[in-house]
1. Search the stretch 40-53 for residues being free of Cβ contacts under 8 Å to residues at least 12 places away in the same chain and either part of a loop (DSSP other than H, G, I, E, B) or charged (D, E, K, R) (or both), and hand back the single one that is surrounded by the most Cβ atoms within 10 Å (Cβ to Cβ).
2. Are there any pairs with C-beta distances below 7 angstrom linking a residue in the stretch 11-39 that is aromatic (Phe, Trp, Tyr) to a residue that is assigned to a helix (DSSP H, G or I) and open to solvent by 50 Å² or more (accessible area, probe 1.4 Å), with the two at least 6 apart or on different chains, and if so which?
3. If we scan the stretch 43-62, do we find a residue that is modelled with pLDDT of 95 or more, in contact with a Ser or Thr (Cβ under 7 Å, 6 or more places away or on another chain) and among the hydrophobic types (A, V, I, L, M, F, W, C)?
4. Would you check if there is a residue in the stretch 122-132 being over 22 Å from ALA19 (Cα atoms), at pLDDT 95 or above and either aliphatic (A, V, I, L, M) or not in a helix (DSSP H, G or I) (or both)?
5. Which of the residues spanning the stretch 2-23 are in a helix (DSSP H, G or I), of a type in the set (Val, Ile, Thr) and open to solvent by less than 90 Å² (accessible area, probe 1.4 Å)?
6. Within the stretch 54-113, can you find the residues that are surrounded by fewer than 17 Cβ atoms within 10 Å (Cβ to Cβ) and of a type in the set (S, T, N, Q)?
Amino acid sequence: MTQTHRIAILIPLAIGASAVACTIIIRALAVIATVNFVRHERRIGRAGVSFWIDGSIVALAMSVALVAHLIEIACWAVLFVVCGEFPEFGTAYYHSAVNYTTLGYGDVIMTPSWRMLGPLEAANGMLMFGVSTAIIFAVLQGLIRTRFADLRD
């Protein structure tokens, strides 16, 4: 006979919403910083000048996205520690990274009372990776347009 545990839903989702809100704010700041940086590079005439400069612009945009993801993972890890799921931040961060990236090793699991935070974080991570992909694509598209603007005339 298998034992089943009752999995709480409403309270973890309500509390997890705070982490989702934090990640949205962090992602918005990363997008704003990236857009402002690319606009600045275009305004001063550096964007579209050479392959290496354009490559540097894209690399910086990707780096901003990665740092934002790492901070967002940390927000979830802090929530896990505050909820009492993990006694130390390192384990909480590892578990958070596995959830956020939808990797799902399953070697570290949460108690049934907080288990719903895992799928919520995975959905949040997928959405944030989608936003990162969109902004990097927009940066690339803008650089291509700048580089080949003279061909349209």
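1. Across the stretch 40-53, the extreme among qualifying residues is ARG46.
2. That search, which allows pairs on different chains as well, returns PHE37/LEU60.
3. yes
4. No.
5. ILE15, VAL20, THR23
6. Those that are surrounded by fewer than 17 Cβ atoms within 10 Å (Cβ to Cβ) and of a type in the set (S, T, N, Q): SER56, SER63, THR91, THR101, THR102, THR111, SER113.
The values are calculated or read from the model by the stated rules, or taken from the named source; none is laboratory data. Keep in mind it's a predicted model, so treat the numbers as computed, not measured. Here the Cβ is made from the backbone with ideal geometry for all residues, glycine too, and neighbour counts use every protein chain on show. These area figures cover heavy atoms from the full protein model, side chains too; ligands, DNA and RNA do not enter into them. Shrake-Rupley method; radii C 1.70, N 1.55, O 1.52, S 1.80 Å.
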